[in-house]
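Here's the structure we're looking at; comments come further down.
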2 protein chains.
Amino acid sequence: MPTGKLQVIPLGGVGEFGMNSMALRYNDDIIVIDAGMMFPDTELLGVDVVTPDFGYLKEHREKVRALILTHAHEDHIGGTPYLLSQLNIPVYGTAFTLGMAERRLEEHRLLDQADLREVAPGDKVELGPFSVHFIHVTHSTISCVALAITTPLGVVMHTADFKIDQTPVDDLHFDLHAFAEYGKRGVLLLMSDSTNVERPGYSESERAVRPRLEQIFASATRKLIFSTFSSSIPRIQQVLDVAAKYDRKVALIGRSLLATTEIAHDLGLLRIPDNLLLRPQDVMETAPHRVCCLVSGTQGEPMSSLSRVAVDNHKNVSVKPGDTVVLSARVIPGNEKPIGRMLNHFARRGADLIYGGGTPPIHVSGHGHRDELNLILNLVRPKYFMPVHGEYLQLMRHARLAKHLEGQGLESTFIIENGESLVIDAHGARKGEKINTGRVCIDSGSLGDVVEDLIIRDRRHLAQDGFVIPVLAIDRATGQLQGSPEIISRGFVSLGDSGQLLGFAKQLVMKTLDESNAEERSDWGVIQEKIRVDLKRFLNKETQRRPMILPVILEV
Amino acid sequence: MPTGKLQVIPLGGVGEFGMNSMALRYNDDIIVIDAGMMFPDTELLGVDVVTPDFGYLKEHREKVRALILTHAHEDHIGGTPYLLSQLNIPVYGTAFTLGMAERRLEEHRLLDQADLREVAPGDKVELGPFSVHFIHVTHSTISCVALAITTPLGVVMHTADFKIDQTPVDDLHFDLHAFAEYGKRGVLLLMSDSTNVERPGYSESERAVRPRLEQIFASATRKLIFSTFSSSIPRIQQVLDVAAKYDRKVALIGRSLLATTEIAHDLGLLRIPDNLLLRPQDVMETAPHRVCCLVSGTQGEPMSSLSRVAVDNHKNVSVKPGDTVVLSARVIPGNEKPIGRMLNHFARRGADLIYGGGTPPIHVSGHGHRDELNLILNLVRPKYFMPVHGEYLQLMRHARLAKHLEGQGLESTFIIENGESLVIDAHGARKGEKINTGRVCIDSGSLGDVVEDLIIRDRRHLAQDGFVIPVLAIDRATGQLQGSPEIISRGFVSLGDSGQLLGFAKQLVMKTLDESNAEERSDWGVIQEKIRVDLKRFLNKETQRRPMILPVILEV
């Protein structure tokens, strides 16, 4: 048995959904699986993007061999520019995944220096002590891989995101054989996607959507506005195929949709029937029953094409009574309200709306349900199991699901969250040391614009009750107040109410100053604090609010 | 045919969910149906409560005869204190509804002067030209009424919130006979609840939850933590009954739960089996398999008892591994994240969790599904129909549902949103004039603390990028700058970055001042604006952010 130490260090995405990133370390070599991002909760005011804190990797920069991307979703590749700007390491992924990552790198002007290395399912790559085998899996986007990573201590399998689609649209099947073979030979550690552990049975195939699409295209009498996730190439393929069958032209509308379909098409992974496409500018001139607009923006993002169509603010598409709007996507938690608003706008314009449940389904999930997770557990029969890709709730349920394998080779299951680590060595597996991880909040999507927690705390304070800033000019020589104090306030009380209130506040500031003794007056810091405390008490009593109070003393 | 004019004026709750309030006017008499509130969207920063703008009622105060409350939910009674503080009119409602409203009035010290008039289902009350008949309906809370309002022009029926529960827990049935009788005699206008128009078939009875409760109580081996809406008396009744059957004591935990159960119990509307209750302080001393804690806070509200139990910060209840936590409630859209966080905390403590779907259900809706809406439409067969209680989407679907009644007496359906009105007179029904309505945003729940739109706009600006305030002292006599400018900033850039940036900004302010001519210097308003514009351009270029910039000039 080798004497080395294997460490599994989640940097993000375990105990939360989004920004998946995982470091795998064997002695002095590290590889990184995925570098995702997530969109912030609403309480992260003014923050546009959240990525994992890659500090651990920077700290050990000379050990980091490579970044491996499993598939093209933002929660797996979106943090790549942020990681590469700190640590320019080789990036491995399938052609489509790299194509999607390239787009992000280009936006941050990092593409030229990036070292992107294309792999195909079935390939093996040697990275120091790690031999990484890329295994094809099915999911809601294309060219997805799981990883079987052979280390001196044994094989680590990482499913990445998957469902087991028995009838994938591109006929490229989940490589169950590879899983079976590793399982037979013995797997040290399995990490598996926990997203849908709460859903019983098996997920429906992507092809389950097809009959619903046929119904919709067959019965729509006017324009069709169809929206799905831009990276859902299999769904888009089905829409294109059905549109061709029912003799409708398709207009692709939205920046992300155009980019994604172009990448897939250039790689031969999206078939666009001849003469199918319609230029967006020709939509309104074409007979409505011959048009399908494929539009990005399923989540009601205010600047997306679909949101703009909903409020009749899109240059090429306008919804008329009798048009049909289809939302072929899930609602990402937190987006219920913007999506609802968007749908109401469509309803006001007289559109027929198709979304949500129904049979056949208008959307299927890309993550396997409970019995698919069981199938993977049974095929792989690992010695150690670590559920990933879920909140604690899903990790816990997935851990329980594995219980029946105890006695069939499974020795232990570990729920490891961000900031914790799993250690495996000759003595077995155990929870390891705590690792410094966390999140980095980024403003405006630019690399350098990190928003510190303190700033977000200040913004939250300002968002709650605004600010009150008393400004005083003091004669440097005499220590006397010059002129009268000013008080500036925003976001606190209405202008109507504020006149009298701020008048009293002004008097209070002068009183505080008057009542200060010579010693206090010699230290403006003390005076500022006294003013702040007095004002805080007064304003809180008068208004029950707690604005940010920042006294300014100007020496003149 | 009388020559009068009937107006239906929604003040809130039509075209949105929440804060239901509806004015019914006949010539110079007005009655108000419900005065609800809603909880604000997250973008309404620092706002705690939203109520309809009751300006229309204030404007016509001498005409307003009464407020009629249909049932005890906050979106129907929560605005009562805000309305009564502006207009002290008689309030009609059932004993339980008034009891719940009293609690709110007491909090605002309005109870003493309030004129509350209790009615029972079956009662009729004459209010000027209106004769109001209270009709019992079933819903998720108790003592709910629909209204049949006889006017000189005909009968107006308002269903209020309802489901048609064929087996209500309290055996008090939906008064279908009253609906049938009015339908037979002829109804001028029907207003009906549209909430669940998108759900097919019939809703399940409240009793459908009972088998699931039995399962849970029969199989839980340790403490049960059970949470439902505090106003859901039938659900609470079932929990108490099942707890007694399975020999568990029940501790009632949470302010709103205690208040609500006390009101219902005092009125004889909640039966509490003898010796069932356990004092909260005795929970931890009792054998876990003999305890059920009924705890309020299903929506993950941060200060609720359930949230505090989840983070082990409640003085009487602590969750241990093997305890069972049951969420017997729906997720109100917008609350997905806080509820998810709470459930994850429970999972981390090793609790078994029961929530969401499943068969038998752990929660059923209080609003009727599509076929119940159809049943009401068919029983009432109104001349005019106006769907209420829904977003535009639901109103539209409900309007379509009524289409099959055209030719069976239904002349027209009207989708009237807040701010619009429906007019009926001898010439028939039509959309009437626009009415000034809107919402009032209230801070801290106190009556006077209205938050104006401008303040919320300012807070949103501050929340996004913080503020930058350059402060200058200028000699009143000479117009010369005294001392050097100060720049205060919060929520904008981190302290580390800000030093240099704000140093440059200071220089820019001085440069702007230097380059201003004598004419500009004579008008501080002009100087302030020049500084603001220059600074805005500079900061936006350097940081891509747009903080609020407020130059202050102090004359000394």
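Rounded, prolate or oblate, given the Cα gyration tensor of the stretch A:320-470, with a/c below 1.5 counting as rounded? The shape class here is oblate. Computed over the stretch A:63-102, the P(r) curve from all C-alpha pair distances, binned at 5 Å from the origin, holds 6, 26, 37, 23, 7, 1 percent per bin. Here chain B has 48 percent of its accessible surface on carbon and sulfur atoms, given a 1.4 Å probe and all protein chains in place. To the nearest ten degrees, helix A:392-401 and the longest principal axis of the Cα atoms of chain A are 30 degrees apart. Computed from point charges on the beta carbon alone (+1 for Lys and Arg, -1 for Asp and Glu), the dipole magnitude for the protein assembly as shown about its Cα centre is near 1580 Debye. Restricting the calculation to Cα atoms, the stretch B:414-538 shows an Rg/Rh of 1.27 when the hydrodynamic-style radius is the Kirkwood one. Comment: the Cα-to-Cβ extended label point of residue B:480, at 7 Å, lies 1.9 nm from its counterparts in the other copies, nearest first. Short to long, the 10 Å bins of the Cα pair-distance histogram for chain B hold 3, 16, 22, 20, 15, 12, 8, 4, 1 percent of all pairs. Just the C-alpha atoms of the stretch B:17-78: what Rg/Rh do they give, with Rh taken as the Kirkwood radius? Here the Rg-to-Rh quotient is 1.05.
Along the charge dipole of chain B, Cβ charges K/R +1 and D/E -1, which of B:90, B:361, B:17 sits furthest on the positive end? Selected residue: B:361. Taking A:415, A:142 and ordering them by how much accessible surface each has at a 1.4 Å probe, largest first, produces A:415, A:142. Where a ≥ b ≥ c are the square roots of the eigenvalues of the C-alpha gyration tensor, would you call the stretch A:484-556 rounded, which needs a/c under 1.5, or, failing that, prolate if a/b is larger than b/c, or oblate? Prolate.
Peptide B:385-392 has a mean of 2 when you count, residue by residue, the C-beta atoms of other protein chains within 10 Å of its C-beta. For residue A:118, the shell of other residues with beta-carbons less than 15 Å away shows a net charge of -2, using +1 for Lys and Arg and -1 for Asp and Glu. Here the dipole of the stretch B:291-427 is about 540 debye; that uses its Cα centre as origin and unit charges on the Cβ of Lys and Arg (positive) and Asp and Glu (negative).
Peptide A:450-463 has a mean shielding of 6, counted as Cβ atoms of other protein chains within 10 Å of each residue's Cβ. About its Cα centre, chain A has a charge dipole of approximately 1280 debye under the convention of +1 per Lys or Arg Cβ and -1 per Asp or Glu Cβ, with nothing else charged.
The overall shape of the protein assembly as shown, judged from the alpha-carbon gyration tensor, is rounded, with an a/c ratio under 1.5. Distance distribution note for the stretch B:388-439: the fraction of Cα pairs above 18 angstrom is 43%. Report, in degrees rounded to the nearest 10, the 0 to 90 angle that the Cα long axis of helix B:176-185 makes with the longest principal axis of chain B. Once rounded, the angle reads 90 degrees. In order along the stretch A:547-556, the phi-based Karplus estimate (6.51 cos²θ - 1.76 cosθ + 1.60, θ = phi - 60°) of 3J(HN,Hα) comes to x, 6, 10, 9, x, 10, 10, 9, 8, 10 Hz; Gly and Pro are listed as x. The accessible area of residue A:458, taken with all protein chains in place and a 1.4 Å probe, comes to roughly 30 Å². For the Cα atoms of chain B, what angle does the longest principal axis make with the long axis of helix B:233-245, in degrees from 0 to 90, nearest 10? Here the helix axis deviates by roughly 60 degrees. Residue B:170 label point (Cα plus 7 Å toward Cβ) to equivalent points in the other copies: 6.0 nm, shortest first.
For residue A:255, the distances from its label point to the matching points in the remaining copies are 4.7 nm, ordered from shortest, with each point set 7 Å beyond Cα toward Cβ.
Taking both sides together, the accessible area buried where A meets B is about 5400 Å² for a 1.4 Å probe. In the stretch B:500-546, comparing the full protein assembly with the chain on its own, the residues that lose 50 Å² or more of accessible surface at a 1.4 Å probe are B:545. At a probe radius of 1.4 angstrom, the accessible area of the stretch A:253-398 per residue rounds to 41 square angstrom.
The values are calculated or read from the model by the stated rules, or taken from the named source; none is laboratory data. Here the structure is a predicted model, which means the values were calculated and not measured. Neighbour counts are summed over all protein chains in view; Cβ atoms, including those assigned to glycine, are modelled from backbone coordinates with ideal geometry. Just the protein is used for accessible areas: all its heavy atoms, side chains included, with ligands, DNA and RNA removed. Shrake-Rupley method; radii C 1.70, N 1.55, O 1.52, S 1.80 Å.
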